[in-house]
Amino acid sequence: MSVKIQKCGIEDVELLQEISIETFNDTFKDQNSPENMKNYMDRAFNSKQLNMELTHIHSEFFLIFLDEEPAGYLKINSQTAQSEKMGDDALEIERIYIRNKFQKQGLGKYLINTAIDIALGEKKNRVWLGVWEKNENAIQFYKKIGFVQVGAHSFFMGDEEQRDYIMCKTLMAGR
């Protein structure tokens, strides 16, 4: 099994869009109306929006490949790109998207470790993320690797208000 992580550039926008729509739909379609799903994905994953995110000075995307096949990606934010004001000592993990056929193979942990390594390299004290309160698998995964819930915020899926838990991991030398 060969795992490779590479930083994304503007040339990767179509692949990011494909992975985003596929994984978001696979993960959330059963708990949301088709209309709300379509409205959200059309807004969040259109090429103009993704291009804007890719070129933001405080956001970075990383593709993960398993045996040369694109398996998912990571999006991190710092400073002004963070979706919540968590301070300059924090790094946000905004997205960890892994395609269904690649799940349960440790790729999420590779991406989390990439984010933590970047945070440590940038002298950040913590990493944080938002996760839907009904996404039990993700919540358990984050707890298992040391994240704790520190708050919550609203997330709008079309016209429906939902709640995301804000989970945070404090970083120390040597993890």
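The values are calculated or read from the model by the stated rules, or taken from the named source; none is laboratory data. Nothing here was measured: the structure is a model prediction, and the numbers come from that model. Methodologically, a virtual Cβ is constructed for each residue, glycine included, from the backbone with ideal geometry; neighbour enumeration extends over all protein chains shown. To get the accessible areas, we keep the full protein, side chains included, count just its heavy atoms, and leave off ligands, DNA and RNA. Shrake-Rupley method; radii C 1.70, N 1.55, O 1.52, S 1.80 Å.
A few notes on this one:
- The stretch 131-157, subset open to solvent by 30 Å² or more (accessible area, probe 1.4 Å) and in contact with an Asp or Glu (Cβ under 8 Å, 6 or more places away or on another chain), residue modelled with the lowest pLDDT: Phe155
- Any chance Lys38 is open to solvent by 70 Å² or more (accessible area, probe 1.4 Å) and at pLDDT below 95: yes
- Flag for Glu94 being on the phi > 0 side of the Ramachandran plot, touching a residue at least 24 places away in the same chain (Cβ under 8 Å) and in contact with a Lys or Arg (Cβ under 9 Å, 6 or more places away or on another chain): no
- Residue in the stretch 53-66 that is in a helix (DSSP H, G or I) and within 21 Å of Leu129 (Cβ to Cβ) present: yes
- Some residue of the stretch 104-115 being assigned to a strand (DSSP E or B), out of contact with any Pro (no Cβ under 6 Å at 6 or more places or on another chain), in contact (Cβ under 8 Å) with a residue 40 or more places away in the chain and among the aromatic types (Phe, Trp, Tyr): no
- Subset of the stretch 142-158 that is among the aromatic types (Phe, Trp, Tyr) and closer than 21 Å to Gly108 by Cα - its residue that is farthest from the chain's Cα centre (by Cα): Phe147
- When Thr55, Thr27, Thr23 are screened for being of a type in the set (Ser, Thr, Tyr) and open to solvent by 80 Å² or more (accessible area, probe 1.4 Å), only Thr55 passes.
- Screening the stretch 79-93 for residues that are assigned to a loop (DSSP other than H, G, I, E, B) and open to solvent by 40 Å² or more (accessible area, probe 1.4 Å) and picking the one that is farthest from Met167 (Cα to Cα) gives Asp88.
- Residue in the stretch 117-126 that is touching a residue at least 24 places away in the same chain (Cβ under 8 Å) and within 29 Å of Glu160 (Cβ to Cβ) present: no
- Contact map, the stretch 41-59: residues that are closer than 19 Å to Lys7 by Cα paired with residues that are at pLDDT 95 or above and of a type in the set (Ser, Thr, Tyr), Cβ distance under 8 Å, separation 6+ or inter-chain. Pairs shown: Phe45/Ser20; Leu50/Ser20; Glu53/Ser59.
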